[in-house]
Amino acid sequence: MVDRIALLQIGTITDRMRDMLADRFELLPLLDRDDRSGFLAERGQDIAAVLTNGHYGVPDDVAAACPNLKAVSSYGVGYDAIDVEGLTARGILISHTPNVLNDEVAVTAILLWLACYRGLIAADAHARGGAWEDGEFPLTRSPMERKVGILGLGRIGQTIADMAAAFRAEIHYHARSRKDVPFTYHDSPTALAGAVDVLIVITPGGPETHHIVDAGVLDALGSDGCLINVSRGSTVDETALIEALRTGRLGYAGLDVFEAEPKIPQALKDMTDRVVLTPHVGSATVQTRQAMGDLTVRNLLQWLDDGTLETPIPECKGM
Ligand code: NAP
Ligand code: 8YV
């Protein structure tokens with residue numbers, strides 16, 4: 001009988017993930033414990049690995065209480081909630097789940113864009129509420145042959161561009177670096193916003209991209225413009241967004257992520273005609289969440305077998 005390694009579990013996991021881990025790891029769930037600090041004081045020394053997600057990351061009390069921590073496997077591609085510098089300085093390896101969610105998040109971006117353009121939510125209310133009996137639903141706007149700007153042309157951004165081709169979109173983009181792609185590059189988010197009808201934000205979160213979409217970018221997008229955010233709530237200045245929508249300086253917004261999620265400002269909830277909201281469900285399908293869960297577990301099993309990770313974050317490559 002091989003000794004099982006103590007694995008701290010932050011957030012919920014599926015039965016499938018639990019089954020895949022059961023033989024090799026002693027699973028120690030953290031959340032909903034009455035005595036979190038007592039538990040960490042008692043078991044922190046034993047904990048060699050953490051399974052977390054993009055929302056919780058590795059809280060400071062956990063990092064401090066686990067001196068023998070060696071590996072962190074995060075369920076999700078974005079890792080802005082993790083103190084990468086602090087953990088890697090201690091030699092701790094970190095993995096995430098890139099690529100397996102590209103299609104789903106791109107579908108969510110397209111879905112929000114189409115819902116804004118075709119007034120899907122208002123049309124549903126018109127049909128469902130009986131207003132149709134009193135009159136036709138107003139004409140909406142065609143999403144075909146639009147200029148679509150992608151802010152962050154990485155794995156998911158490129159997948160959004162691929163899908164937007166079905167709508168004969170003309171693709172523009174901004175990223176830190178210029179790519180070898182047949183799209184138009186702009187050297188700032190404001191220049192990109194000024195050139196397009198729809199701006200889709202899909203950069204990572206964190207200090208580098210904090211409020212990368214500010215009042216100036218929203219004004220450049222303009223009164224007919226449509227902002228879609230499937231990145232992190234921190235990338236868009238939400239106060240400026242509400243003001244731009246309220247004054248008509250910005251046309252539409254489709255938002256999957258929010259600055260203080262799961263809380264959403266009432267002002268956004270009240271704008272039912274021009275704003276479409278989803279509760280951070282970019283990757284949330286049964287199929288994609290299973291693929292993310294499998295990859296999260298495979299990283300832990302591989303680390304146990306040979307000390308390496310299948311999908312380390314870039315900062316850990318070569319460690
Ligand atoms: P990725 O492949 O690393 O792509 C990120 C892109 O953002 C790259 O093109 C990068 O530029 C660009 N970028 C980074 N910092 C920038 C900056 N300061 N200014 C301009 N561009 C910048 O990441 P991904 O796999 O596509 O994922 C992107 C993000 O989507 C994740 O980090 C996560 O926050 C979010 N996400 C959200 C959901 C959801 O449920 N809504 C689901 C999954 C992911 P370079 O190419 O020049 O480096
Ligand atoms: C997840 C995400 O919902 O992968 C990401 O970066 O935002 C989503 O896929 C999140 O990470 C789950 O915690």
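The values are calculated or read from the model by the stated rules, or taken from the named source; none is laboratory data. Bear in mind that the values here come from a model prediction, so they are computed numbers and not experimental data. Methodologically, a virtual Cβ is constructed for each residue, glycine included, from the backbone with ideal geometry; neighbour enumeration extends over all protein chains shown. Each accessible area value is taken on the protein alone, full model and side chains, heavy atoms only, with ligands, DNA and RNA left out. Shrake-Rupley method; radii C 1.70, N 1.55, O 1.52, S 1.80 Å.
Of the trypsin sites (Lys or Arg not before Pro) in region 100-196, the ones in a loop by DSSP (not H, G, I, E or B) with at most 14 other beta carbons within 10 Å are ARG168, ARG176, ARG178, LYS179.
Normalised per residue, the accessible area of the chain is 49 Å², obtained with a 1.4 Å probe and no contribution from ligands, DNA or RNA. The alpha carbon centroids of region 86-138 and region 224-240 are separated by 13 Å. As a ratio to 2.2 N^0.38 Å, the alpha-carbon radius of gyration computed for region 197-319 takes the value 1.32. Projected label points at THR140 and ARG118, each 7 Å from Cα along the beta carbon direction, are separated by 0.6 nanometres. For region 50-140, applying the loop criterion from DSSP together with a ceiling of 13 other beta carbons within 10 Å to the GluC sites (Glu not before Pro) yields GLU136.
GNM on the chain, alpha-carbon springs under 10 angstrom: the most fluctuating residue among ASN99, ASN229, ASN53 is ASN99.
Compactness of region 252-319 is given as radius of gyration and Dmax, 18.3, 54 Å, from Cα positions.
Once the Cα-Cα distance is subtracted from the 0.36 nm per residue extended length, the ASP187 to ASP15 segment shows a gain of 57.3 nm. Across region 103-111, coupling constants 3J(HN,Hα) worked out from phi with the 6.51/-1.76/1.60 Karplus curve, θ = phi - 60°, read 4, 5, 5, 5, 4, 4, 4, 5, 4 Hz, and Gly and Pro carry x.
Annotation: amide H-H contacts under 5 Å for ILE228 (H modelled 1.01 Å from N, sequence separation of 5 or more, or interchain): LEU199, ILE200, VAL201, GLY254. Find the Rg to Rh ratio for region 108-207, where Rh is the Kirkwood radius over alpha-carbon pairs and Rg uses the same atoms. Value, to two decimals: 1.09. The stretch between ALA284 and THR308, if pulled fully straight at 0.36 nm per residue, gains 5.9 nm over its current Cα-Cα span. Global size of region 41-148: 23.2, 69 Å for Rg and Dmax (C-alpha atoms, Rg to one decimal, Dmax whole). Once all protein chains are placed together, LEU111 keeps about 100 Å² accessible to a 1.4 angstrom probe. Here the chain was treated as a single set of alpha-carbon atoms; its pair distances binned every 10 Å from 0 give 6, 25, 29, 21, 14, 5, 1, 0 percent.
Can you give the percent of C-alpha pairs in region 176-218 whose distance is more than 16 Å? Taking all Cα-Cα pairs of region 176-218, the fraction more than 16 Å apart is 41 percent. Under 5 Å from the amide H of TYR75 lie the amide H atoms of THR52, ASN53, GLY54, each residue being 5 or more positions distant or on a separate chain, with H modelled from the backbone and absent for Pro and chain starts.
Per residue, the average separation of C-alpha pairs within less than 8 Å and at least 6 apart gives region 1-140 a relative contact order of 17 percent.
Inter-label distance, ARG246 to ASN68: 5.5 nm, where each label sits 7 Å from its Cα along the C-beta direction.
Each helix, a run of at least 4 DSSP H residues, gives -39500 (n - 2.57); summed and divided by the residues of the chain, these come to -10000 deg cm²/dmol at 222 nm. Using only alpha carbons, region 15-103 has a radius of gyration to Kirkwood radius ratio (Rg to Rh) of 0.96. Over all distinct Cα-Cα pairs of region 102-277, the Kirkwood formula returns a hydrodynamic radius of 16.3 Å. For region 259-299, trypsin sites (Lys or Arg not before Pro) are listed when DSSP marks them as loop and at most 15 other Cβ atoms sit within 10 Å of their Cβ; the list is LYS263.
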